[in-house]
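Below is one structure; the comments refer to it alone.
What follows draws every value from the coordinates through simple rules; no lab data is involved. Worth saying up front: this structure is predicted, and the values here are computed from it rather than measured. All Cβ positions, glycine included, derive from the backbone under ideal geometry; neighbour counts span all protein chains shown.
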Amino acid sequence: MGAHHPECPERLGAVNDHLLAKGLLDYMDACDAPLATREQLARAHSGFYLDEFAEIAQQVPEGGLVQIDPDTSINAYSYQAALRSAGAVVLAMDMVLGGKSPAAFCNIRPPGHHAERSNAGGFCFFNNVAVGIRHAVAVHGLERVALIDFDVHHGNGSEDILFNDEHVLMCSIFEKNLYPFCGDVPMGSNMINVGLPARSGGEAFRQAVEQQWIPALNAYQPQLIVISAGFDGHREDDMGNLGLVESDYEWVTRQIMKVANQHAQGRVVSCLEGGYALSALGRSAAAHVRVLIGAD
């Protein structure tokens, strides 16, 4: 994205370093992300957008940047990175649904949940979770997939792609009056959107999960849970102001795993979204992954 941009390469290193420091990588198999195919991407994005983005990417000069929106740029390598970010989620779906792994964490960038069917934005180019969910339905025959999004910003792209999708229930908690300035009015009946005021803190966050997410998830009985795992609601992250801490991410992951174990054979695919204060990101992701893989 350019020098000093919050969506920086060091984010992945911060997560990996904390997983290593906590000994969690000893219990995990590392996999290289493949390139997502056009067929996989086209289940979530329009053909016009896929062609347009590919064409723009081909015109980026070596060492240069092309602005996509006021906050989002691409360089000569962004297109390949975006293909691998989406491809990682497809691979995770195949591994979890194929019985090769009980759960998966995709430590990926660029993130994806702001990418709409026909638009990039918010540091996102392909909607990684939507591509993965549509793959799970089309290739593995799932009928009920739950998408959980606890990024401080509402996943407008995921909602744009998945609203009224009969195979998906999307649950989103986000900070109100923050980019992308929507979500308060759900686009479809399969959306459980909870906007929280700034400085709500962990208690309000946990109450929203218990009162609005969990009943809906248990009634839906998902066969798979996919997580848009954004950690920018942490109190050290200046991208938002919810005031969450590591224990809140650990707690919400525990609630998600209870639902997964009850209804989805424990099958969960978690995908990194936001989180820009590097130390807080690493600590929060490690707390999340520890519960995700049952190392707690």
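Structural remarks
- Residue-span extension gain [residue 52 to residue 214] - 0.36 nm each, minus C-alpha spacing: 54.4 nm
- Note on the chain: helix-only mean residue ellipticity at 222 nm, from DSSP H runs of 4+ residues weighted -39500 (n - 2.57) and normalised by residue number, equals -12000 deg cm²/dmol.
- Basic side chains Lys and Arg get +1 at the Cβ, acidic Asp and Glu get -1 at the Cβ, and with that the dipole of the chain about its Cα centre reaches some 700 debye.
- DSSP loop trypsin sites (Lys or Arg not before Pro) with at most 15 other Cβ within 10 Å: longest gap in the chain: 1-99
- Kyte-Doolittle mean at least 0.0, axial Cα span of 27 Å or more - DSSP H helices of the chain: 78-97
- Approximate spin-label separation residue 279-residue 66, in nm, with each point projected 7 Å along Cα-to-Cβ: 3.9 nm
- Separation of the residue 43 and residue 184 label points, Cα + 7 Å toward Cβ, nm: 3.5 nm
- For region 162-217, the set of GluC sites (Glu not before Pro) satisfying both a DSSP loop assignment and a count of at most 12 other C-beta atoms within 10 Å is given as 166.
- Across region 114-215, Cα-Cα pairs more than 21 Å apart make up 33 percent of the total.
- Among beta bridges from DSSP that stay inside region 10-292, the antiparallel ones total about 15%.
- Calculated FRET efficiency for the pair residue 221/residue 247, C-beta based, R₀ 25 Å, to 0.05: 0.35
- Computed from Cα atoms alone, the Kirkwood hydrodynamic radius reported for the chain is 18.7 Å.
- An ellipsoid equivalent to region 1-130, defined through the eigenvalues of its Cα gyration tensor, has semi-axes of 26, 19, 11 Å when rounded to whole angstrom and sorted largest first.
- Here, region 47-198 has an Rg and a Dmax of 15.8, 45 Å when only alpha carbons are counted.
- Solution diffusion estimate, µm²/s, Stokes-Einstein, region 167-296, Kirkwood Rh from C-alpha pairs, 37 °C, viscosity 0.692 mPa s: 219 µm²/s
- Aspartates and glutamates with Cα under 13 Å of residue 258, excluding same-chain neighbours fewer than 8 positions away: 210, 250
- Among 217, 97, 20, the residue with the largest mean-square fluctuation in a Gaussian network model of the chain, with springs joining Cα atoms closer than 10 Å, is 20.
- Global geometry of region 213-290, whether rounded, prolate or oblate, following the gyration tensor of its Cα atoms and the 1.5 cut on a/c: prolate
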